[in-house]
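Here the structure comes first, spelled out in structure tokens, and everything after it is commentary.
Quick note: the coordinates plus some simple rules give every number you see, no bench work behind them. Because the structure is a prediction, the values reported are computed rather than measured. No Cβ is skipped: glycine too gets one built from the backbone with ideal geometry, and neighbour counts run over all protein chains shown.
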Amino acid sequence: MSDYTISINGQFVEERDANISVLDHGFLFGDSIYEVVRTVNGKLFAADRHLKRLHNSANSLEMPLQQSDEWYLDRWRDLHAKRASGESYLRIIITRGVGPLSLDYTQCEKQNVIGIAKPLNKWPDEDYAHGCKVVLAEVRRNAKQATDPAIKSGNYLNNVLALKEARAAGATEAIMLNVQGHITEATTSNVFFVKDGVVKTPALKEGLLEGVTRGFILQVCKDLGLTCEEGVFTRDELLNADEVFITGTTRDVMPVGYIGREKIKFTPGSLTIKIANAYHDVLHDPKNQM
Ligand code: PDD
């Protein structure tokens, strides 16, 4: 039995009946967007921020959302409610819709909304206790001037190829550089590092997704009185860091132990532990749950 709960345009369907037309531009061209929300104590975590990013993605592609905010929130809630137990990973995909077999989307009138839920996966305890392994991918993050990585689109092929490099090296994630050779982010997480007590993360202008978790971590650093810099960083600066960690909806704050064969000095480092603990409080703060 499949562990997935699926809805199409608000109707629950079995996986075998979950069909979308081959003429949907989401299938033909990756012309779609998505968001992933997780639950905490059975409530949607930071769904308002995910919804805001969904609007940004939609508007950047000139496909303004066709339903009310409450409607999308209800889809996430329904998906979770339909699952038997435990915390959920809740994905909503919005496609451009069905149209002629042409790049021109002007005749695609009705977006399709696909919801997929599964149990929130638990990453190995070992990765949190001693740091995970990541690689620096050969594949580059696409440029802001191409499909802007700020758009959470259904076009994840560079990330798919980067993750393939990670898997080949027995690593859990791949950090991607932009074409200028600066650090951007990992395939489904953002990257932070610590050097001489300063927390650093690539600036949005380098071409990356503005992670919801990343936003909380920047705030957490401020609240903890830590200096945090959003900037332009090279591969060598990352490799010479005192501490490195990745952040995302499913991983929270995960320390990095190795980048390829290079061992990171402290895993986990003291600031990573402090930040991870503070983020745990953010996750469990009822005001972030909807
Ligand atoms: N991915 N960068 C990329 C490219 C991502 O796809 C994600 C999230 C992140 C982290 O963003 P957030 O903190 O908002 O989860 C960064 C989701 C989890 C996914 O694709 O499953």
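When GluC sites (Glu not before Pro) are flagged only if DSSP places them in a loop and at most 12 other Cβ atoms lie within 10 Å, the longest unflagged stretch of the chain comes out as 139-290. Of all lysines in the structure, those lying under 17 Å Cα to Cα from Lys152, and not within fewer than 8 positions of it along the same chain, are Lys52, Lys144, Lys205. For region 153-290, the relative contact order comes to 20 percent (Cα pairs under 8 Å, sequence separation of at least 6). When each of Val179, Val244, Val36, Val135 is scored by the number of other beta-carbon atoms lying within 10 Å, the sequence from fewest to most is Val179, Val36, Val135, Val244. Ordering Phe45, Asn19, Phe193 by the projection of their Cα atoms onto the charge dipole of the chain, which places +1 on the Cβ of Lys and Arg and -1 on the Cβ of Asp and Glu, puts Phe193 at the extreme positive end. Rounded to whole numbers, the Karplus 3J(HN,Hα) couplings from phi for region 22-30 are 5, 8, 6, 5, x, 6, 5, 10, x Hz, using 6.51 cos²θ - 1.76 cosθ + 1.60 with θ = phi - 60°, and x at Gly and Pro. Taking the number of Cβ atoms within 10 Å of each Cβ as an exposure proxy, the fewest-first ranking of Leu226, Leu44 is Leu226, Leu44.
I need the trypsin sites (Lys or Arg not before Pro) found in region 238-290, filtered to DSSP loop residues with at most 14 other beta carbons within 10 Å of theirs.
Here the sparse-neighbourhood loop sites are Arg261, Lys265.
Taking every alpha-carbon pair within region 125-285, the share separated by more than 28 Å comes to 13 percent. Net charge dipole, region 82-131: roughly 320 debye, given to the nearest 20, about the Cα centre with Cβ charges of +1 for Lys and Arg and -1 for Asp and Glu. Projecting the Cα atoms of Tyr4, Ala278, Gly257 onto the charge dipole of the chain, computed from C-beta unit charges around the Cα centre, puts Gly257 farthest toward the positive end.
The residues Arg77, Arg96, when put in order of fewest to most other Cβ atoms within 10 Å, stand as Arg77, Arg96. Pairs with C-alpha atoms separated by more than 31 Å, drawn from the list Lys82/Lys133; Lys164/Lys200; Lys118/Lys195, are Lys82/Lys133; Lys118/Lys195.
Cysteines in the chain lacking any other cysteine Cβ under 4.7 Å from their own Cβ: Cys108, Cys132.
Based on C-alpha pairs under 8 angstrom that are at least 6 apart in sequence, region 74-170 has a relative contact order of 21 percent. Dipole magnitude of the chain about its Cα centre, charges +1 at Lys/Arg Cβ and -1 at Asp/Glu Cβ only, in debye to the nearest 20? Value, rounded to 20: 220 debye. Near the amide H of Gly231, within less than 5 Å, lie the amide hydrogens of Thr201, Ala203, all on another chain or at least 5 residues away, with H placed in the peptide plane.
Distance from the Cα centroid of region 255-290 to that of region 131-191 is 20 Å (rounded to whole angstrom). The mean sequence separation of alpha-carbon pairs under 8 Å and at least six residues apart, normalised by the residue count of the chain, gives a relative contact order of 18 percent. Relative to the Cα centre, the charge distribution of region 5-119, modelled as +1 at Lys and Arg Cβ and -1 at Asp and Glu Cβ, gives a dipole magnitude of about 480 debye.
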